[in-house]
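Here's the structure we're looking at; comments come further down.
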Amino acid sequence: MSNPSSLPDIYLSFFMFTTDMQPDDPKYREIVVKHIKELQTYGYKGFEFPIAPKFPLDSINDVESYTRLRDYLDEQGLSDVAIATNVMATRTYDPSSPYQKQRHEALEYLKSRVDITHTMRGEIMMGPIVIPYGDFPTTDFNDPIWSDELQDELAQRYKNAHHTLNQLGEYAEKRNVKLAIEPITHWETPGPNKLSQLIDFLEGVKSKHVGVVIDSAHEILDGDGPEKFKEHVAYLAKEGRLHYIQVSPPDRGAVDTSWIPWQSFLKPVLQVYQGPIAVEIFNAIPAFLNGLRLTRRKFWIPGEDKENKPYPSAYETANNAIQATQRELTKILENSNC
């Protein structure tokens, strides 16, 4: 099924298959091409590649590795495939750190990820790039920090990150890359968890190349409700900071059988946003099992896993997801002035 020309381009996150594109592995490059060519037949126009952090940082070799991956995709007839990147701050590369040296290292790390996005001919680098993903603050005695104490801690961390994100935004603008910060549910990371928190953070960031990705899963779990959501979307669009949209179920699993409030999520978006919409599914691959406490079965990956029928494969799940997304987009567009 091809993507109707009247609908936004739909991307698929490679979190369905991996957290590391392994750009220097010739065998995995072949697997990537196989996945893309199959998924294109369902109507996917682009893909979101997770860019794994490297320790220690080796910016030059990292960029060269992804340049070779892009060249390989082009050689395999995939030059028209759009790529976005998914990047996260880490405990090592922390833009919000109280230590200047660590913030500088985080800036160099994030710049290298902008360069990777650029060399992949991508225009969007998204993810949790303010507070390290999944790194919940503790006291000096390793006691957890929650509630008011956590929010006070984060307020200072956000101030620490402002200068870094401003510099990063200026750098990204030169590379024609938009930075889409992701507010992520409190189950996964300490903050920002809400669009309202991210909007407040962005008041300290002048560069409009630094904006927002809105993910339906996080908005359902931690959002302020449909009326506030409309206000937030309209405000971000007016400010030129609505950079990317993801459709993802609360359990990060199958889109077509999940609880997604399609109308209240997509209608305000489609009124002001013309960019791609990405389907994000976290498959039950080893990297996600413990962190996301995945109890559901893996969507088995053709060519990598033993066939596990009658349970759906990754391809079946991806096909069902784009059909459901196209169907809901069509309903909204046919019944509105979007």
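The values are calculated or read from the model by the stated rules, or taken from the named source; none is laboratory data. All figures in this text were calculated on a predicted structure; none of them were measured in a lab. Glycine gets a Cβ as well: all are built from the backbone with ideal geometry, and neighbour counts include every protein chain shown. What goes into the accessible areas is simple: the full protein's heavy atoms, side chains included, and nothing from ligands, DNA or RNA. Shrake-Rupley method; radii C 1.70, N 1.55, O 1.52, S 1.80 Å.
Would you please name the residue that is surrounded by the fewest Cβ atoms within 10 Å (Cβ to Cβ), looking only at residues in the stretch 84-119 that are among the basic types (Lys, Arg) and touching a residue at least 12 places away in the same chain (Cβ under 8 Å)?
Among them, the one singled out is ARG91.
Go through ILE214, ILE199, ILE277, ILE245 for me and flag whichever is closer than 26 Å to LYS159 by Cβ and touching a strand residue (DSSP E or B) at 6+ places or on another chain (Cβ under 6 Å).
None of the other options fit; the residue is ILE214.
Among the β-branched types (Val, Ile, Thr) and open to solvent by 30 Å² or more (accessible area, probe 1.4 Å): is that true of THR138 in this structure?
yes
Counting only residues that are open to solvent by less than 10 Å² (accessible area, probe 1.4 Å) and in contact (Cβ under 8 Å) with a residue 40 or more places away in the chain, how many does the stretch 206-222 have?
Number of matching residues: 6.
Count, please, the residues in the stretch 285-304 that happen to be open to solvent by less than 50 Å² (accessible area, probe 1.4 Å) and either part of a loop (DSSP other than H, G, I, E, B) or touching a Gly at 6+ places or on another chain (Cβ under 9 Å) (or both).
Total meeting the criteria: 6.
Output the residues belonging to the stretch 314-338 that are out of contact with any Leu (no Cβ under 8 Å at 6 or more places or on another chain), within 20 Å of VAL32 (Cα to Cα) and surrounded by 18 or more Cβ atoms within 10 Å (Cβ to Cβ).
Within the stretch 314-338, ALA314, THR317, ASN319 meet the criteria.
Where residues in the stretch 11-29 are in contact with a Phe, Trp or Tyr (Cβ under 9 Å, 6 or more places away or on another chain) and in a helix (DSSP H, G or I), which of them is farthest from PHE55 (Cα to Cα)?
Among those that are in contact with a Phe, Trp or Tyr (Cβ under 9 Å, 6 or more places away or on another chain) and in a helix (DSSP H, G or I), it is MET16.
Restricting to the stretch 150-175, name every residue that is under 18 Å from SER97 (Cβ atoms), charged (D, E, K, R) and surrounded by 15 or more Cβ atoms within 10 Å (Cβ to Cβ).
Hits for the stretch 150-175 are GLU153, ARG157.
Identify, by number, the condition in (1) open to solvent by 40 Å² or more (accessible area, probe 1.4 Å); (2) in contact (Cβ under 8 Å) with a residue 60 or more places away in the chain that GLY275 doesn't meet.
Going through (1) open to solvent by 40 Å² or more (accessible area, probe 1.4 Å); (2) in contact (Cβ under 8 Å) with a residue 60 or more places away in the chain one by one, GLY275 breaks only (1).
Which residue pairs have Cβ atoms under 6 Å apart, sit 6 or more places apart or on different chains, and have a first residue in the stretch 223-248 that is closer than 12 Å to VAL272 by Cα and touching a residue at least 12 places away in the same chain (Cβ under 8 Å) and a second that is assigned to a loop (DSSP other than H, G, I, E, B) and of a type in the set (A, V, I, L, M, F, W, C)?
ALA237/VAL272
Looking at the stretch 36-55, which of the residues that are farther than 17 Å from THR85 by Cα and in a helix (DSSP H, G or I) is most open to solvent (accessible area, probe 1.4 Å)?
Residue satisfying both the conditions and the ranking: LYS37.
Any residue that is under 15 Å from the mean Cα position of the chain (by Cα) and either modelled with pLDDT of 95 or more or within 29 Å of LEU107 (Cα to Cα) (or both) - is there at least one of those in the stretch 35-47?
Yes, the stretch 35-47 contains a residue that is under 15 Å from the mean Cα position of the chain (by Cα) and either modelled with pLDDT of 95 or more or within 29 Å of LEU107 (Cα to Cα) (or both).
Got a number for residues in the stretch 176-193 being under 23 Å from PRO137 (Cβ atoms) and open to solvent by 70 Å² or more (accessible area, probe 1.4 Å)?
Number of matching residues: 2.
Just name the residue that is nearest to ASP9 (Cα to Cα) out of those in the stretch 249-272 that are without any contact (Cβ under 8 Å) to a residue 40 or more places away in the chain and in contact with a Pro (Cβ under 7 Å, 6 or more places away or on another chain).
SER264
Report whether or not TYR133 is open to solvent by 10 Å² or more (accessible area, probe 1.4 Å), closer than 26 Å to ASN61 by Cα, under 23 Å from the mean Cα position of the chain (by Cα) and not polar (S, T, N, Q).
Values: open to solvent by 10 Å² or more (accessible area, probe 1.4 Å): yes; closer than 26 Å to ASN61 by Cα: yes; under 23 Å from the mean Cα position of the chain (by Cα): yes; not polar (S, T, N, Q): yes.
Judged against the criteria, TYR133 is a match.
State whether the residues of the stretch 64-77 include one that is surrounded by 18 or more Cβ atoms within 10 Å (Cβ to Cβ), part of a loop (DSSP other than H, G, I, E, B) and free of Cβ contacts under 8 Å to residues at least 60 places away in the same chain.
no
Given ASP58, ASP20, which one is in contact with a strand residue (DSSP E or B) (Cβ under 8 Å, 6 or more places away or on another chain) and surrounded by fewer than 22 Cβ atoms within 10 Å (Cβ to Cβ)?
ASP20
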